[in-house]
Each structure stands twice: as C-alpha cells, then as structure tokens.
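Before any comments, here is the structure.
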Amino acid sequence: MSIPTPAKVPYRRIATEEAFAPKEMLEIYNKILAKGNTDVGFANLMGFYMSSPSDRAKHIMRCLEDLDDIRLGHMNESGVDVQVIALTSPGVQIMDKETAVAFAPVANDILAEACKRHPTRFVGMITVAPQDPHAAAKEIERGVNKLGMHSVVINSHTHGEYLSDPKFWEIFEAAEANDTPIYLHPNSLPKDMIKPFLEAGLDGAVYGFGVETGLHALRIITAGVFDRFPKLRMVIGHMGEALPFWAYRLDYMHNATVKSKRYEAIKPTLRKPSDYLKSNFYITNSGVAWEPAIKFSQEFMGVDRVLYAMDYPYQYAPEEVGFLDNMKMSDADKLAFFQTNAEHVFKIPHAKP
Ligand code: 1DF
Ligand code: MN
C-alpha cells in the first residue's frame, strides 16, 4: 500500500508516546527470557517480538532499535515533526532492582545522545526504576539538570506493585519538585491479573494494557496522591485509557463506597475522581485516531489537556495522520492538539511548522 504524502498544515505534529529499545536493553531481556522462570506477561509479549518471524515483529524490532535514519524516514513519510520518545515497556521495570537502577541512567544517556544528534526532531523522557524510589528520584533530578529532559515514563506496575503504595511516593515528590509530568504507560499484565485475558488472547495492546493502566491511574487517584501532591501532573495514553468515558460512574460509585465505609483502602479524597482527571492529568490519543473519541475527550478534559500521539512503532499507521488532520475541529483546537499542548507539557521550545 502506498503512503499518502502528508498535507502541509499550519501546525507541527508532535507525537508524544513513541518508543525505543537500545540493543543493550535487549541483551538484558534475552538473559531474563533465557532463565525461563520470568513473568508470564513479559515472556509472552517480548518473547513474541524478539523471536517471531512475523512481519509485524520484525518491523517493530527494527524500528525500536533505531534512533536515526529509519525513525526519521518514517517521521518524514508520515509527517511527524517531533517524537517524544520513551524507553519501551516494560523497560527497566522487568529487571531486578540492582540491574534496573544501573541500567536506567544508561538508557537515559543513550536517548539524550540521540536527542543531541537530532535536536529539532527528538525529545526524550526520563526512565526510572521504581524498584528503588530514592534512586528514581535522583535520576529524575539528573535527567532534568544534566540531560535536559522534562518528563518521566513509568510503564505501569512494577512486578505487580502499584504507585498507589506510599512506599513509591518519593518518586511523586521528585516529579512534583522538578515539574516533570509522569507518563503512565502500559505494561504487560501482572501475573495475578493476566489469566482470563491471556487465555482469550486479549492481554496485550488490544485491551488488557488499557484496563490495567486505567486501573493504575485510578488507584493513584483514590489513594489520595493528588491531595498529597496537588501540583503533580500525569499523562495517560490511549484516550486516557477510557477513564474519561467512565468518569460519571466513577464519581457516583466512589462517593457511595466512601460513605458506606466498605473498604479500608477507599478513604475520602478532597475532590471527586473526575476532578483529578481534569486538573492533574493530560491524555493522548495514542492508538486511537478516531474523531468522536477525541472530541468527547476534549469536551470532558478541556482542549488544552488532549494531545496527539502515534504510538510508534507499535501503531505506525501513516494514514492516521491524515484522518486527524481532517477532523472537523477549529484551527485553534487542532493547533493545541497537535502542537502547543505538547510544547507546554514536555517543555519543547515553540517553533513554527
Ligand atoms: C505493544 C503496544 C507493545 C504498546 C508495547 O510494548 C507497547 C503491542 C512492548 O502492540 O504489542 O508499549 N503500546 O504502547 O501500545
Ligand atoms: Mn505506547
């Protein structure tokens, strides 16, 4: 199929959930997979991409490893001006604590070098190892002050643990203090959750990822994280992992559950779940090039909180750029969606297209 030439448009297209995988990390993955007793979700997901002879797996591995001509070629042919790039899931979060703490800075240095080679095209997110919240906090500081990065990626749960646990909150403290939004990106499902998804083949990006990441964001909200860190900002992809669509029911049932004192874990929060979504979250349309969902989300979240993302290379679908260019939407709202919201959230210098 031939790829349509991207239209000339009065905005820069900044894609905000784009992935890479350095070969140094793939070597660590290979060692973990070779041991044989690793996490089921990881073995199923990365085992597939790293060994399947399918066109999809080969294409994705080739694109993930590249931070130069292959990636720039795809950006040029699809009309993406800037990629905001993060270490692909699960990244360091599948590793043991020592390996994760040691490898996160290596990955960040590799990405920072690529951003230096292509300063107008690449923007990096800081990878951290939640296994050691103190080291993660330090790496956020180093990422901001030494590498010039202004956002953090966390690939959802870490060995089945959620950031709603206060033992992780030093990470939130550092993110708030350094004004770095945290992109809460999907991971494969933890072992206690994966069975009914895996047996139906629905554990991956098709559905399981969204369910688990949405749950994670909601756990962070209901644990009172934003009452404790009111300036903390988070980003979630895939149309906010459907949470905007759930908002009304979440508010009603959260309130009912708090009042009934049914669960120790559900304590009162200062505001409704939807209030935190609207004031502490940004969402991206990664994987969802669908005008009605984007319009609904803009209406719910506000036009300045919905951002463009492609999810390269997992959803390298150049024709989707055209669908989005052609949305029936004011020029001002389209500029916010494709360009200026991302410039604000990721501190990317403003530039004309
Ligand atoms: C897939 C999608 C894999 C996403 C990912 O990480 C990933 C996939 C390994 O399609 O299998 O991050 N995603 O962001 O949608
Ligand atoms: Mn992604």
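The values are calculated or read from the model by the stated rules, or taken from the named source; none is laboratory data. Everything numeric here is computed off the predicted structure, so don't read it as measured data. For neighbour counting, all protein chains shown are included, and Cβ atoms are generated from backbone atoms with ideal geometry for every residue, glycine included. Protein only, heavy atoms only, side chains kept; ligands, DNA and RNA dropped before computing areas. Shrake-Rupley method; radii C 1.70, N 1.55, O 1.52, S 1.80 Å.
Numbers for the structure displayed
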read-out	value
The stretch 189-253: relative contact order in percent, alpha carbon pairs under 8 Å with at least 6 residues between	29
Equivalent ellipsoid semi-axes - Cα gyration tensor, the stretch 212-265, angstrom	20, 15, 9
Value of relative contact order over the chain, rounded to a whole percent, pairs C-alpha under 8 Å and six or more apart	20
Candidate aspartates and glutamates - alpha carbon under 16 Å from Lys97, same-chain residues fewer than 8 apart omitted	Asp39, Asp132, Glu139, Glu161
Heavy-atom SASA rank of Trp290, Trp169 (probe 1.4 Å, accessible area, largest first)	Trp290, Trp169
Per residue value of the accessible surface for the chain (all protein chains in place, 1.4 Å probe), Å²	45
Shape category assigned to the chain from the gyration tensor of Cα positions, a/c cut at 1.5	rounded
Relative contact order for the stretch 165-289, counting Cα pairs under 8 Å that sit 6 or more residues apart, in percent	29
GNM top mover of Pro181, Pro53, Pro90 - the chain, alpha-carbon springs below 10 Å	Pro53
Longest DSSP-loop-exposure-free segment, GluC sites (Glu not before Pro), the chain, at most 11 other Cβ within 10 Å	1-198
Accessible heavy-atom area order of Val40, Val82, highest first, probe of 1.4 Å	Val40, Val82
Solvent-accessible area, 1.4 Å probe, carbon plus sulfur percent, for the stretch 180-300	60
Residue with peak Gaussian network fluctuation, the chain [Cα springs, cutoff 10 Å], from Gly322, Gly91, Gly237	Gly322
Sum of -39500 (n - 2.57) over DSSP H runs of 4+, divided by residues of the chain (222 nm, nearest 500)	-14000 deg cm²/dmol
Whole-percent carbon and sulfur share, accessible surface of the stretch 28-82, 1.4 Å	51
Unsatisfied cross-links (Cα-Cα over 28 Å) in the set Lys58/Lys138; Lys138/Lys231; Lys259/Lys295; Lys31/Lys347; Lys138/Lys347; Lys146/Lys267	Lys58/Lys138; Lys259/Lys295; Lys31/Lys347; Lys146/Lys267
